[in-house]
Amino acid sequence: MTQTSISSAAALAEMLAATGYLADDGLATIGYLALSMERPLLLEGEPGTGKTSLAEALAEGFGLPLIRLQCYEGIDASQALYDWDFTAQILHLRSVEASGGAGMGAGMGAGLSVAELESSLYDKRFLLARPILKALQQSPAVLLIDEIDRADDEFEAFLLEVLSTYQVSIPEFGTVKADTPPIVVLTSNRTRDLHDALKRRCLYHWIDHPGLAREVEIVRTRLPEVPALLAEQVVRAVQQIRVTDDVLKPPGVAETLDWARALHQLGRAELDLASAAASIGALCKYREDTERVSAALSRILG
């Protein structure tokens, strides 16, 4: 299947569902538009709401490689784009020198001029492709730019340039342009606001926590081995925990799945107070949340 073979939002939702990813109408529609318009898709939302999983589902559904660029503070263009294999280049120089090569003292041997030697140092075999260059070279592919909000303004500007043309110029090598634009998914946990220029290049969607029925469906789809009663009880408990004001980090769908999987691993067919308290570390990842939720479990499960 190719991205051009997706004819509607409903067809995209069906393809994603076959991979275990359940997209609501809004996400399926904006995803279809991003594919048909060949525009990057910017997803924002709380951690654990399925932003990264959508890129993984698209790669699986289309049968394309998933190329992931994990952003972090201080990331720069070279770490996202390319680098040169200096060790291999030095070995190449030594090999040329050993065979009487160019500019190495004894007479420009092996028929190489200085210009030819310099050119040979920047051959494709010495080029180390980082995620963005790799996506342009291997496209069609899915390029996941994860947690773009952790990068800085300069990196955003670089990224905007690449996403505007789907090509990069490497001074020593030349221009690399994708024959087919990759499917680009950017995710943000909104730890800071992104610049308007980058947002304008993308189609945008906010992924919220799902409602009760959809989250139960997600658990049943992703974890069919978990008993239906346990799945529903877990989701109901998580939904109550999310609306608690004093929880530092409301659990996302990823944590719901972890908790359901952990309880099933303990051999539980339904949720009880003792097993919920014992496995709470699969759901809450802060000490304060663990203590607060554990203290409220009897009320939550009551």
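Yes or no, residue by residue, for (1) in contact with a Gly (Cβ under 8 Å, 6 or more places away or on another chain); (2) outside the structural domain of Thr180 (by TED's automatic domain parsing):
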residue	(1), (2)
Ala9	yes, no
Ala23	yes, no
Ser36	no, no
Arg39	no, no
Thr87	no, yes
Ile90	no, yes
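Looking at segment 133-151, which of the residues that are β-branched (Val, Ile, Thr) and under 20 Å from Asp196 (Cα atoms) is nearest to the chain's Cα centre (by Cα)?
Of the residues in segment 133-151, the ones β-branched (Val, Ile, Thr) are 142, 145, 148.
Within this subset, residues satisfying the condition of being under 20 Å from Asp196 (Cα atoms) are 145, 148.
Details: Ile145: 6, Ile148: 10 Å.
Applying the filter and picking the extreme gives Ile145.
Look at Val176 and say whether it is modelled with pLDDT of 95 or more, in the same structural domain as Thr29 (by TED's automatic domain parsing) and in contact with a Leu (Cβ under 6 Å, 6 or more places away or on another chain).
no
Please work out if Gln79 is modelled with pLDDT of 85 or more, of a type in the set (S, T, N, Q) and over 30 Å from Glu14 (Cα atoms).
Numbers: modelled with pLDDT of 85 or more: yes; of a type in the set (S, T, N, Q): yes; over 30 Å from Glu14 (Cα atoms): yes.
Taking the combined requirement at face value, the residue satisfies it.
Might you check whether a residue that is in a loop (DSSP other than H, G, I, E, B) and either under 16 Å from Leu58 (Cβ atoms) or of a type in the set (Gly, Ala, Ser) (or both) occurs anywhere in segment 193-205?
Yes, because at least one residue in segment 193-205 is in a loop (DSSP other than H, G, I, E, B) and either under 16 Å from Leu58 (Cβ atoms) or of a type in the set (Gly, Ala, Ser) (or both).
Is there a residue being touching a helix residue (DSSP H, G or I) at 6+ places or on another chain (Cβ under 6 Å) and of a type in the set (Gly, Ala, Ser) anywhere in segment 60-67?
Yes, segment 60-67 contains at least one residue that is touching a helix residue (DSSP H, G or I) at 6+ places or on another chain (Cβ under 6 Å) and of a type in the set (Gly, Ala, Ser).
Identify, please: which residue in segment 29-87 is free of Cβ contacts under 8 Å to residues at least 60 places away in the same chain, closer than 18 Å to Phe155 by Cα and not acidic (Asp, Glu) and is, among those, surrounded by the fewest Cβ atoms within 10 Å (Cβ to Cβ)?
Taking the candidates together, the pick is Ser78.
If we keep just the residues of segment 209-228 that are assigned to a helix (DSSP H, G or I) and in contact (Cβ under 8 Å) with a residue 24 or more places away in the chain, which is surrounded by the most Cβ atoms within 10 Å (Cβ to Cβ)?
Filtering segment 209-228 for residues that are assigned to a helix (DSSP H, G or I) and in contact (Cβ under 8 Å) with a residue 24 or more places away in the chain, the one surrounded by the most Cβ atoms within 10 Å (Cβ to Cβ) comes out as Val219.
Look through Ala178, Ala260 and report the one residue that is buried (at least 18 other Cβ atoms within 10 Å of the Cβ), within 30 Å of Leu133 (Cα to Cα) and free of Cβ contacts under 8 Å to residues at least 60 places away in the same chain.
Ala178
Yes or no: segment 147-165 includes at least one residue that is polar (S, T, N, Q), assigned to a strand (DSSP E or B) and in contact with a Lys or Arg (Cβ under 8 Å, 6 or more places away or on another chain).
So far as segment 147-165 goes, no, none of its residues is polar (S, T, N, Q), assigned to a strand (DSSP E or B) and in contact with a Lys or Arg (Cβ under 8 Å, 6 or more places away or on another chain).
The values are calculated or read from the model by the stated rules, or taken from the named source; none is laboratory data. Keep in mind that what you see is a predicted model, and the values were worked out from it rather than measured. Virtual Cβ from ideal backbone geometry, glycine too; neighbours counted across all protein chains shown.
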